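First the structure, in the form of C-alpha cells, and then the observations on it.
The values are calculated or read from the model by the stated rules, or taken from the named source; none is laboratory data. Note that the structure is predicted; figures quoted are calculated from it, not measured. Positions of Cβ are generated from backbone atoms using ideal geometry, with glycine treated the same way; all protein chains shown enter the neighbour counts. Note: areas computed on protein heavy atoms with side chains; ligands, DNA, RNA excluded. Shrake-Rupley method; radii C 1.70, N 1.55, O 1.52, S 1.80 Å.
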Amino acid sequence: PRVCLGENLARTELFIFFTSLLQRLKFSWPPGAPPPNMDGVVTLVRSPFPFDTVKKAAMTVEQTETGGPRVRSYKDAALANLPPSAIKGPSTNPQLTDSLRALLAQHPNGVSLSQARRSCPLLEDPDVLKNYTSVRHLLASFPKFVRLQGVGVQTRVLPPLP
C-alpha cells in the first residue's frame, strides 16, 4: 500500500502543537453553559456539534506558607521545584555570542534552529551544553542576542527586538 512519506513528521508536529496548547492553555466551556453534546454528527466523517470554549492561560494554585493561595503558571511552578543546580543563568561564552551575532548579521530575517546549529559549532559542544537540556534552552538564555519563535522543527532563531 502507498504511504505518505511525511506522515510521521506530520503526526509528530501535530502532537507537539496540541501538547503545547494543552500545556499553555486551560480549556473549559463558558460558565452556565451545558457541556457539549458528545454524540456528534455522522456524515462522511464523525464531527462534533458546534460548541463554545473559554481559553485561559494554564495556571496552578498552591498554598503559601501563610496558608493563602498563590497562583502561578505551570512553567514557574516547575522551575520552583527544580533543584538549584539545575537552574543556570545564561552562559558567558563570548565566542558563542560573537558567533550568534555574526550569523544573525548575515541573516537579519533569522535562520532555522538546525541552520544555527550547523553554522555555530559551539552549539553542539558538550561543554557548552552541559548545563542546558537542549540547544533551544541554551539559546533561550540569551535574550540580549537572540529570540526564538516557533516550536519543534519549525523553531526560528531571530535577532532580538530593539
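Yes or no: A57 under 18 Å from the mean Cα position of the chain (by Cα), open to solvent by 50 Å² or more (accessible area, probe 1.4 Å) and at pLDDT below 80? It is true that A57 is under 18 Å from the mean Cα position of the chain (by Cα), open to solvent by 50 Å² or more (accessible area, probe 1.4 Å) and at pLDDT below 80.
Of all residues in the stretch 110-156, those that are at pLDDT 85 or above, outside any helix (DSSP H, G or I) and of a type in the set (G, A, S) total 2. Note on the stretch 120-158: residues that are in contact with a strand residue (DSSP E or B) (Cβ under 7 Å, 6 or more places away or on another chain) and on the phi < 0 side of the Ramachandran plot amount to 11. When E62 is tested against the conditions (1) over 25 Å from V153 (Cα atoms); (2) modelled with pLDDT of 75 or more; (3) open to solvent by less than 60 Å² (accessible area, probe 1.4 Å), the lone failure is (2).
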